[in-house]
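Visitor: Before anything else, here's the structure in question.
The values are calculated or read from the model by the stated rules, or taken from the named source; none is laboratory data. Here the structure is a predicted model, which means the values were calculated and not measured. FYI the Cβ positions are ideal-geometry reconstructions off the backbone, even for glycines, and counts take in every protein chain you see. The protein model used for the area step is the full one, side chains on, heavy atoms only, and it has no ligands, DNA or RNA in it. Shrake-Rupley method; radii C 1.70, N 1.55, O 1.52, S 1.80 Å.
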Amino acid sequence: MPILLFIEICLTGIGAWALVMLLYRLFLMPAKKDFMPLVLPVKGGADSVEGRLRWACWQARLGGRYGLLYILDCGMGEETAQICRRFARENGNVEMGDIKMLERRLTGEDDCNEKESVVY
């Protein structure tokens, strides 16, 4: 019986620590001064793209370092592009485009041509 109590106390402590760290990241981390996207290059077929997108979106939201998730089109197929567009519509702070659009976004140029890239 004492072992179960010890395990319960340890798990409660670990849970409390995780909650404190989550609240710290959400509310007490300094604001982002510079635009820094998490860039996910996508190329070829749609083998594991949805899992990679979900992981990257989680990193962009809870990591505290990134302003948004940018899906970089490196020659993806049509099915993969549809999955990425749907993911960008369903999740906030997700953009999709080519390398030229990313370069303009990073340098602060706002005269983007919508034909060259898709932004959601």
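Visitor: Pairs under 6 Å by beta carbon, first residue closer than 26 Å to ARG61 by Cβ in region 1-25, partner open to solvent by less than 100 Å² (accessible area, probe 1.4 Å), six or more apart or different chains?
Guide: ARG25/GLY64
Visitor: How many of the residues making up region 42-55 are within 12 Å of the chain's Cα centre (by Cα), open to solvent by 50 Å² or more (accessible area, probe 1.4 Å) and closer than 15 Å to TYR70 by Cβ?
Guide: Total meeting the criteria: 2.
Visitor: Sticking with this one: Considering (1) modelled with pLDDT of 80 or more; (2) loosely packed, with under 11 Cβ neighbours inside 10 Å; (3) not β-branched (Val, Ile, Thr), say which one GLU114 fails and leave the rest.
Guide: Here GLU114 meets the rest and fails (1).
Visitor: While we're here: Return the residues of region 69-90 that are surrounded by 18 or more Cβ atoms within 10 Å (Cβ to Cβ) and under 30 Å from TYR24 (Cβ atoms); say none if nothing qualifies.
Guide: Within region 69-90, LEU69, TYR70, ILE71, PHE87, ALA88 meet the criteria.
Visitor: Only residues that are part of a helix (DSSP H, G or I), under 30 Å from PHE27 (Cα atoms) and of a type in the set (A, V, I, L, M): list them for region 37-68, please. Give the derivation first.
Guide: Taking region 37-68 and keeping what is part of a helix (DSSP H, G or I), we get 49-62.
Of the ones still in play, those that are also under 30 Å from PHE27 (Cα atoms) are 50-62.
Within region 37-68, LEU53, ALA56, ALA60, LEU62 meet the criteria.
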